[in-house]
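Below is one structure, written out as structure tokens; comments come after it.
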Amino acid sequence: MEPILTLEGLSASYDGRRALEEVSLKIPRHQITAVIGPSGCGKSTLLRAMNGLLREEPGAAVEGRVLLGGADITSLSPEEVRRRIGLVFQTPAPFPFSIYKNMVYAPRYYGVRDKKRLDALVREKLELAGLYSEVKDDLGRSALKLSGGQQQRLCIARALTVEPEVLLLDEPCSALDVKASAVIEKMLLALKERYTIVIVTHNIAQARRISDWTACLYSGRLVEFGESPAFFAAPQQEAARDFLSGAIG
């Protein structure tokens, strides 16, 4: 297993209340890693710590290290970290302007000005997200008029426009119906050929379907991590077994 992200003794707290406790974890390159566990166990906090966003939140304190390709992310500029580790939140948050402007916002910020290059980038990433055929004739339409599932795919496509090495997804299907969720799952399975994906999900069946590796958190601690088929077939730790059985949740 070749890790692209390495967490070493990662702990976090909010106003003195512990949210993560010495999490050490290696995220494999070009794989889907699912993060599961009971509500409030620190899953979303872990994602925000992975791309350094947590360090900027008022009242938050972070200890330990996150290494991206061997480099501590605190040694990199926030802009570089955000570019290399994308984060898509649970609730779709398209910018309040057109689909096209949503897609070119980040590339323009990072200095891309050539119209042909931007047009090609928009098409490529929307196609990767399985959205281009649905919106290609109306890229000037407000992104806010898209359906919930389309908005979520737009946000994922938008995150891909700066070619992140890692894509973090926080419950991307929680507000979507079964059909829209299936579209996103299919998209993620295709995307892992080019990107490393970490997905927080409350949906155990989803984690079982699409993940290569699974990390199970309980009360801010990593209680088990392993290849998904083996983990779901026979979890080794009591807390993981209890969560999968529904005894805790």
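The values are calculated or read from the model by the stated rules, or taken from the named source; none is laboratory data. A quick note: this is a predicted structure, and the numbers were derived from the prediction, not measured. We place every Cβ from the backbone using ideal geometry, glycine too, and count neighbours over all the protein chains shown. When the accessible area is computed, the model is the full protein with side chains, heavy atoms only, and any ligands, DNA or RNA have been set aside. Shrake-Rupley method; radii C 1.70, N 1.55, O 1.52, S 1.80 Å.
Would you call residue 79 modelled with pLDDT of 95 or more, surrounded by fewer than 17 Cβ atoms within 10 Å (Cβ to Cβ) and acidic (Asp, Glu)?
Criteria not met by residue 79.
Restricting attention to segment 87-108, and to residues there that are assigned to a strand (DSSP E or B) and not β-branched (Val, Ile, Thr), which single residue is farthest from residue 170 (Cα to Cα)?
This residue is 98.
What about residue 150, is it in contact with an Asp or Glu (Cβ under 8 Å, 6 or more places away or on another chain) and in a helix (DSSP H, G or I)?
Details: in contact with an Asp or Glu (Cβ under 8 Å, 6 or more places away or on another chain): yes; in a helix (DSSP H, G or I): yes.
It is true that residue 150 is in contact with an Asp or Glu (Cβ under 8 Å, 6 or more places away or on another chain) and in a helix (DSSP H, G or I).
For (1) closer than 20 Å to residue 243 by Cα; (2) in contact (Cβ under 8 Å) with a residue 60 or more places away in the chain, each residue gets a yes or a no:
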{"position": "1", "(1), (2)": "no, no"}
{"position": "4", "(1), (2)": "no, yes"}
{"position": "9", "(1), (2)": "no, no"}
{"position": "13", "(1), (2)": "no, no"}
{"position": "16", "(1), (2)": "no, no"}
{"position": "22", "(1), (2)": "no, yes"}
{"position": "29", "(1), (2)": "no, yes"}
{"position": "37", "(1), (2)": "yes, yes"}
{"position": "41", "(1), (2)": "yes, yes"}
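Being under 10 Å from residue 86 (Cβ atoms) and touching a helix residue (DSSP H, G or I) at 6+ places or on another chain (Cβ under 7 Å) is the filter; apply it to segment 167-194 and report the residue that is surrounded by the most Cβ atoms within 10 Å (Cβ to Cβ).
Here is the first cut: in segment 167-194, the residues under 10 Å from residue 86 (Cβ atoms) are 167-169.
Those still in the list that are touching a helix residue (DSSP H, G or I) at 6+ places or on another chain (Cβ under 7 Å) too: 167-168.
Details: 167: 22, 168: 27.
Among residues in segment 167-194 that are under 10 Å from residue 86 (Cβ atoms) and touching a helix residue (DSSP H, G or I) at 6+ places or on another chain (Cβ under 7 Å), the one surrounded by the most Cβ atoms within 10 Å (Cβ to Cβ) is 168.
Pick from 111, 59, 37: which is of a type outside the set (A, V, I, L, M, F, W, C), open to solvent by less than 60 Å² (accessible area, probe 1.4 Å) and more than 26 Å from residue 22 (Cβ to Cβ)?
Values: 59 fails: more than 26 Å from residue 22 (Cβ to Cβ); 37 fails: more than 26 Å from residue 22 (Cβ to Cβ).
Exactly one of 111, 59, 37 is of a type outside the set (A, V, I, L, M, F, W, C), open to solvent by less than 60 Å² (accessible area, probe 1.4 Å) and more than 26 Å from residue 22 (Cβ to Cβ), namely 111.
Can you run down the residue pairs with Cβ atoms below 9 Å, 6 or more apart or on separate chains, where the first is in segment 68-93 and farther than 10 Å from residue 52 by Cβ and touching a residue at least 24 places away in the same chain (Cβ under 8 Å) and the partner is acidic (Asp, Glu) and surrounded by fewer than 17 Cβ atoms within 10 Å (Cβ to Cβ)?
Taking only residues 6 or more apart or on different chains, the pairs are 83/163; 84/163.
Of 208, 153, which residue is under 13 Å from the mean Cα position of the chain (by Cα) and free of Cβ contacts under 8 Å to residues at least 40 places away in the same chain?
Criteria check complete, one pass: 153.
Hydrophobic (A, V, I, L, M, F, W, C), free of Cβ contacts under 8 Å to residues at least 60 places away in the same chain, in a helix (DSSP H, G or I) and in contact with a Ser or Thr (Cβ under 7 Å, 6 or more places away or on another chain): which single residue out of 121, 144, 139 fits that description? Break it down into steps so the answer makes sense when it comes.
On the way: 144 fails: in contact with a Ser or Thr (Cβ under 7 Å, 6 or more places away or on another chain); 139 fails: in a helix (DSSP H, G or I).
After ruling out the rest, the residue left standing is 121.
What number goes with the only condition from (1) closer than 17 Å to residue 146 by Cα; (2) out of contact with any Gly (no Cβ under 7 Å at 6 or more places or on another chain); (3) at pLDDT 90 or above that residue 58 does not pass?
(1)
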